[in-house]
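The structure under discussion appears below in the form of structure tokens.
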Amino acid sequence: MHELQQLIAVNDTGTTALPVGDTPIQRIRLLIDGRSRYAYLKLEGHNPGGSVKDRTAFGLLQSLETTGQLRPGGHLIESSSGNLAISLAMHARDRGYQFTAVVDPNVTAENICRLRALGAETRLVESPDEAGGYLLRRLECVREMLLEDPGLVWTNQYSNSANPEAHYRGTAPEIYRQMEHGVDAVFVAVSTGGTLAGIGRFFRETSPDTRIIAVDARGSAALGGSLGVRKLTGIGSGRRSEFATPELYDEVMYVEDREAFGICRSLDATTGMKIGGSSGAALAACARYLQAHDMVERAVCICADRGEHYTSTIFNNSWLGRNGLEIGRRHLGPVSEMCF
């Protein structure tokens, strides 16, 4: 059986907490070229930590515990300025582990506050790497800390096969069940590529006619693209994904910052639903795809987290202005209207 519904973390006292998974799907209507089209949003923000990374964190910790690398009272470390850091901090707290997140200047004020509230430590990497981002420098910092303290345990979201496995056994089967075994296309934003790889593998085996669309940020190298400046977080990478191999997806669609942010803000204005930047990118790609494919009716977008995590950035006019990201109607692409 593929599906693991309602994963339950068990802490060191033996009590259960933190139900993960079984998140809802919300259908929205998009008016594209005067025609009503529909997208189905898989709302991963309903996980207890507020993102799809709760599934990844659960899988990573479970794999380390099963292999004996992580023991009671252990100290975890990971490179993350976003959702995975929050999820690991939450699970670590409830399982009695220490956790240190290696972060960079792109970390939001909201996430720093959440990490501190969850009892996590942070190590800030301030200088960019040769790629112009911070990922490679964060990984360098992790390796230095592991040399300094051999007792640290690295969850390694970038290479640990438990990352895609969590989505192969959890996220993808849920989508298939909720959509009553009828899915034309799935749109997945890429960072480490674990979510894409797990979902792609499941649908290749179970529903090979389902199109798997990888969504990346313009300026990301996650799927072999050219590096460039980008403000989108939670999507993209300064290096190629180790998980997302070409046979697991059918197409790559690149999304600009303004396009993703415009979709996020428009959806909020018309429905009151806030989604994060990678979710906006997935929905923007979906809208373009629907415009080009008249017969697609059941398109699912992985919405990795909630927009409330981006109050100081995507939904802040001053932040957009400071970064030269003023958004106009043209940034909504083919979409002229959105509603439930």
On a 0 to 90 degree scale, rounded to 10, what angle separates helix 257-271 from the longest Cα axis of the chain? 80
If I build a Gaussian network model for the chain, linking alpha-carbon pairs within less than 10 angstrom, which residue out of Thr210, Thr122, Thr67 has the largest mean-square fluctuation? Thr67
Evaluate the charge dipole of the stretch 127-198 about its Cα centre and quote only its size in Debye, nearest 20, assuming +1 on the Cβ of each Lys and Arg and -1 on the Cβ of each Asp and Glu. 140
Where does helix 277-292 land angle-wise versus the long Cα axis of the chain, in degrees 0 to 90, nearest 10? 30
For the chain, how big is Rg over Rh, using alpha carbon atoms and the Kirkwood form of Rh? 0.95
Which one of Val190, Val52, Val125 has the biggest mean-square fluctuation once the chain is modelled by GNM with Cα springs under 10 Å? Val125
Within the stretch 24-65: backbone nitrogen closer than 16 Å to the Thr311 label point (7 Å, Cα to C-beta): 50
How big is the gap, in Å, between the Cα center of the stretch 53-90 and the Cα center of the stretch 305-340? 31
Compactness relative to 2.2 N^0.38 Å, alpha carbon Rg of the stretch 294-333: 1.61
Given 0.36 nm per residue, what is the gain on full extension from Asp149 to Glu337 after removing their alpha carbon distance, in nm? 62.3 nm
Any residue on another chain or 5+ positions along whose placed amide H is under 5 Å from the amide H of Arg211 is listed here as Ala185, Val186
Taking θ = phi - 60°, what integer Hz values does the Karplus form 6.51 cos²θ - 1.76 cosθ + 1.60 yield along the stretch 57-73, in sequence order, with x for Gly and Pro? 4, 4, x, 4, 5, 4, 5, 6, 5, 5, 7, x, 6, 10, 10, x, x
Non-local amide H neighbours of Glu337 (under 5 Å, H modeled in plane, Pro and chain starts lacking H): which ones? Leu31
Phi-based couplings in Hz for the stretch 110-122 (Karplus 6.51, -1.76, 1.60; Gly and Pro marked x): 4, 6, 4, 5, 5, 4, 5, 5, 8, x, 7, 9, 10
Amide H contacts under 5 Å for Leu124, restricted to residues at least 5 apart in sequence or on another chain and with H modeled in the peptide plane, are Val103
Mind listing which GluC sites (Glu not before Pro) in the stretch 68-131 are in a DSSP loop and have 15 or fewer other Cβ atoms within 10 Å? Glu126, Glu130
Apply the Karplus parameterisation 6.51 cos²θ - 1.76 cosθ + 1.60, with θ equal to phi minus 60°, to every residue of the stretch 83-97 and state each ³J(HN,Hα) to the nearest whole Hz, in sequence, with x for glycine and proline. 5, 5, 4, 4, 5, 5, 4, 5, 5, 4, 4, 6, 9, x, 9
Do you know the relative contact order of the stretch 53-154, to the nearest whole percent, from alpha carbon pairs under 8 angstrom that are 6+ apart? 28
Students often get this wrong: which residues of the stretch 48-71 have the backbone nitrogen under 16 Å from the point 7 angstrom along Cα-to-C-beta of Gln26? 48, 50-52
Taking N as the number of residues in the stretch 53-154, what value does Rg over Cα atoms divided by 2.2 N^0.38 Å take? 1.03
Please figure out what share of the DSSP beta bridges in the chain is antiparallel and state it in percent, rounded to the nearest 5. 40
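Every number in this text was worked out from the coordinates using simple rules, so none of it is lab data. If you're wondering where the values come from, they're calculated on a predicted model, not measured in any experiment. Don't worry about glycine lacking a Cβ; one is built from the backbone with ideal geometry, like all the others, and counts go over all protein chains shown.
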